[in-house]
Every structure is written in C-alpha cells, then in structure tokens.
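Down below is the structure, laid out as structure tokens.
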Amino acid sequence: MAEGRVGGRVRWRPPRVLRGVLSIVGGSAAGQGLVILSYPFLTRLYDPAEFGLLAVFMAVVGMIGVVSAAALEAAVPLPVDDAEAAAVAWAGLTAVAVTTVVTASAGVLLAEPLAGLLGVPRLADVWWLVCLSVLVLGCYLVASEWMIRERSYGTLGRRNLLQGVGQAVTQIGLGLVGVRPIGLLLGFGVGRLLGIGGVTSRGGLLRRPPPRPAAILAALRRYRRFPLLAAPSGLLNSAGLEVPLLLVSALYGDARAGFLGLTIRVIGAPATVIGQAVHQVFTGESGARIRDADGGLGASVRSASLRLLAVGALPALTLVVTGPALFGLVFGPAWTEAGDYARLLAVAYLVQFAVTPVSSTLFLLEHQDRELGWVAVRLLLTAGGPIVCGLTGAPIGTAIFALALGHVVSYGLLYLLCVRAADAADRSGRPG
C-alpha cells in the first residue's frame, strides 16, 4: 500500500502492481469497447462476404504472426542485463523480418491456390497486405514484451486504447468513402502499428544502441529453446483457435465465415478483457500458494471457475434465448444468421470463459507437456467436427454445433487437468 499527503490529508495509492493491472485492463477495456461499438456501423458498411475475407485474413496473419518472432519475444523479460535483453529483442525482430520475406516469397506460388482452397479468392489480391500485417504483428509482439520488461504499464494501457481507436477509425472511415474491403483489413494492421510506439519512448528499445551481430547470435544460442519448443506450441495453440474458422470458410463459403467471425469477436472480446484480469490475479495468488506450500490450490481453481461460470451465465442465457433477434436488431437484418451461431456457441464460450483464466495452473506447476498435449487435442476436437460435417454435406448449423461440442469437451478436459495437478500439488506440498 502506498500513501501520500495532499493538503494535510493522507491519500491512499494502490501498489505499483495493482496500478499496472488497472492501467492495462482499463486501456484494453476501453480499446476493445470501441471496437465492439464499431461493429453495428461496420456491418452496415461491409457485407458478410467482406467480413468473411477479414476473418480468413486475420486467421492467416495470426497463425503466421504468432511465430514470426520465433517465440523469442517471450524471452525478452528474462535477462538480468538490459544489453542482453536488447539482443534478444533484436534477434526476435530479425526473425520477424525473415518470416515476412518468406511469407512474401511463398505468396508468389501459393497465394492463389491457398485463397481458392479457403474459399476466398480475393485473399490472393491482398497478399501484400498479409505480409505487411505479419511484419507489424511481429514487431508489435516484441514491443509489447519490451514494455513489460520495462514495467511501462501506463504505456501499455494507452497502447491498448490507441489500438482500438486506430482499428475502429480506419475501418469506419475507409468504409464510408467506399474503400472496400481493404478498409476492414487495414484496420487490423493500423491498430497494431499504433501499439509499437512504446519502443521509442524513454527507455524504449529504439533508444538503446543496437547490439552487435555477435550479441544477437549469442542470445539466439542462449534462448534457443524458445524457437525450438515454444514456437511450435504457439503455432499449435493458434491453429486450435483459427483453423475451425478457416474450415468453415473452405467448406461453407466466405459469407458463412463472415457470420462466424463476427460472432466469435462479439462474444469473445468482452470475455477476453475480463478473463485477462482474472488470469493475472489468479496467477499471482496461486504462485504465492505454490511458493509457500500452504495448500488450497485445488480449492482456488474450483472456486475461480465457479465464480466465472456465475458471472457469464446470464449473458450466455441471453444469447441462447434471443441470439438471432438480438443480432438482427444490433447489426442489421442481414446478420440474423450470426445470431443463430451465437446461440449455438454460447455455452461453449461460457465454458472457455470459466476455464481459461485458471489454465496457468499447469504452467505454474511446470506441466507444460500436459498443456501442449491439450492444445493438440483441442485442435483435433474443434477441427474434426466441422471437417466431418462439411465432407458429408451436413448443414452449417450442424457444423457450428459440432464446433461448440468440441469446444466444451476440450475445455472441460483442461479444467480436469488443472484440478488434478492442483490437488496433487496440495497433497505433496510442492509443485507437480
């Protein structure tokens, strides 16, 4: 607790860590709130097929971008010496540059066949924007970790707000002047580009002398486990989130992918903001329990998930009961089908909302192997249903239901893994 005297009165100030969490969550909530509020305007400026292109575009960029820095961004906060940390960051930026060049080169041969396979031929025409967005996203990831290392929490909060402002203003502004569908796609990159600014602030990465090539190579050798192990895990995790949407586009068309993409973002964005805040608090409290070996970790996992279920139950029930009518009212009559998808996915995202924040239990107890195995199982469960439905000619509603069922089963499995690991740690009095 921090106190200060103002005008003869004692003024309480929250601890630095709490202020940091509040800054980040506040900026994220405001930025994501602006993005969500922009959707009713965007759905009247762009049609479902254009949203389908956006959904596929973001999925492709996300899957490439998440490994563009070879997972070296995650190592940036670790070195004690700032010079070594800068070398790690520049190694990550070098990997981003290489990934961008490889993406551009592969696009010469693969862009058209891939776009045709995914059911969005226009993706080939904007492959140049895919490459630029991968570059921006990779730099954004490295910049974020550098700001975390510097504990620039206020900067991170402002960055998250600017990201939402940049995305919403770009997409609405270009839509109003008829720049379609490029306006939708550019908004993604512009938002992330505004988030890189922290590297130029005082103490930012670009204010430091660039490391020598020998230092970058030494950093690569020291942290080689990140590109060798963490990068494949990150790609698999991203695939579990993005591949089902790509399958819907490939098997049912870009308009259906647009409906699903909007549904996922409308349901997922608020849950992500709340879930991140709960995740940070849960991780801090659980880490203390593990270090002190005082038990109670299993009870903490159970109580946190039950409370989150209670928080999310009413919104989920609202979607189940009024999904189509609500989406038609808010986003326009053309988007009623997205409300049908929301109705089918409501319980699935409720379970995800309740379990994801406590999933750090496996990392805290050093069970990364179990988490990696679960990521692989989730990909099989969430992708398998839509594939079978698409190949057998089942209607899109059946495919979405299969996706939802895979979601529920996979996150139920993750919950059981977390509870079992926590209970074992409580019994043994030590991690694992």
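Bear in mind that the values in this text are calculations on the coordinates, not laboratory data. Treat the numbers as computed from the prediction; the structure is a model and nothing was measured. Using ideal geometry, Cβ is built from the backbone for each residue, glycine included, and neighbour counts are taken over all protein chains shown.
With charges set only on the Cβ (+1 for Lys and Arg, -1 for Asp and Glu), what does the dipole of the range 11-221 come to about its Cα centre, in debye to the nearest 20?
Details: 17 positive and 10 negative charges, 193 e Å.
Magnitude of the dipole: close to 920 debye.
Can you tell me how the range 224-432 classifies by the Cα gyration tensor, rounded, prolate or oblate, using a/c under 1.5 as the rounded cut?
Numbers: a/c = 2.49, a/b = 1.64, b/c = 1.52.
It is prolate, given that a/c is not under 1.5 and a/b is the larger ratio.
At a 10 Å Cβ-Cβ cut-off, how would you order Arg222, Arg159, fewest neighbours first?
Arranged by neighbour count, lowest to highest, Arg222, Arg159 become Arg222, Arg159.
Work the Kirkwood hydrodynamic radius out for the range 11-221: mean of 1/r over every pair of different alpha-carbon atoms, inverted, in Å.
Details: mean 1/r = 0.0546 Å⁻¹.
Kirkwood hydrodynamic radius for the range 11-221: 18.3 Å.
If we count other beta carbons within 10 Å of each Cβ, what is the order of Trp335, Trp90, fewest first?
Least crowded to most crowded, the residues run Trp90, Trp335.
Once you have a ≥ b ≥ c as the square roots of the Cα gyration tensor eigenvalues for the range 289-412, tell me rounded if a/c is under 1.5, and otherwise prolate or oblate according to whether a/b is larger than b/c.
Since a/c reaches 1.5 but b/c is at least a/b, the shape of the range 289-412 is classed as oblate.
If we count other beta carbons within 10 Å of each Cβ, what is the order of Ser360, Ser249, fewest first?
Ser360, Ser249
May I ask you to evaluate 6.51 cos²θ - 1.76 cosθ + 1.60, the Karplus curve with θ = phi - 60°, for each residue of the range 125-135 and list the ³J(HN,Hα) values in order in whole Hz, giving x for glycine and proline?
6, 10, 4, 4, 6, 4, 4, 4, 5, 4, 4
Using θ = phi - 60° and the Karplus form 6.51 cos²θ - 1.76 cosθ + 1.60, what ³J(HN,Hα) does each residue of the range 231-241 get, whole Hz, x for Gly and Pro?
5, x, 5, x, 5, 5, 5, 5, 4, x, 8
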